[in-house]
Amino acid sequence: MDKVLNFDFSGGPTSWFDFWHTHADWDGKGNKDWHSRKRYLSKLLKTFNELRERLSDYPHDFQLWIMINEKDSADDCVYIHTKNPNGDNFPLKVKADNTNTMKNKGLREFVDSLDFQKVKIGTSTGHIYYLYDKGTGISLV
C-alpha cells in the first residue's frame, strides 16, 4: 500500500490515472477456499478506503471502484481513473446486467453486506462486479 500512498494526488499536470489498478491476490491463492478469498477481499477494501481518503482533496474529477471477478480472485482489484493524456476514456460508464445472481454464496453474502453501489456485468467467462461509493468521485453508471 505504501506505493499507492506515494502517488501524486496533487492535481498537477502529472497527477492523473489511466485505469490504474492494483490487486491484493496476484497469484490467485484466494481461489482455494472462501476464507482465503475473504482475506484478500478485505485487503482490497482497506486499499479502497485508503485511496478514498487520499482522493478526498483531489482537485479533479475521478472514479474509484473495486472490481470482483466471481470466478478468479487474482482478477479482483481496486481502480482509480481520471482524465488523462492517453485517450478520451473518462469517465468509464458500465451497463448493468442484473439477470443472474452470484453462484458463490459466501461471495454473494460478502458483497451484499457492503455499503456500496453494485453493478454486475455478465461476460463469457463469468460475472464481474463493480463496487463503488456513490458519494465518492464520478459514478460508473
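Just a few scattered comments:
- 3J(HN,Hα) along segment 36-48: 5, 4, 4, 4, 5, 5, 5, 5, 5, 4, 4, 4, 4 Hz, from the Karplus curve 6.51 cos²θ - 1.76 cosθ + 1.60 with θ = phi - 60°, whole Hz, x for Gly and Pro.
- Distance from the alpha carbon centroid of segment 73-132 to that of segment 21-62 works out to 13 angstrom.
- Overall Cα dimensions of the chain, principal axis frame, Å, largest first: 44, 32, 26
- Highest-first packing order for the peptide set 118-128, 83-93, 58-68, 16-26 is 58-68, 16-26, 118-128, 83-93, based on the mean count of other beta carbon atoms within 10 Å.
- All lysines inside 22 Å of residue 93 as judged from Cα atoms, apart from same-chain residues fewer than 8 positions distant: 83, 118, 120, 134
No value in this document is a laboratory result; all are computed from the given coordinates. Here the structure is a predicted model, which is why all the values come from computation and not from measurement. Positions of Cβ are generated from backbone atoms using ideal geometry, with glycine treated the same way; all protein chains shown enter the neighbour counts.
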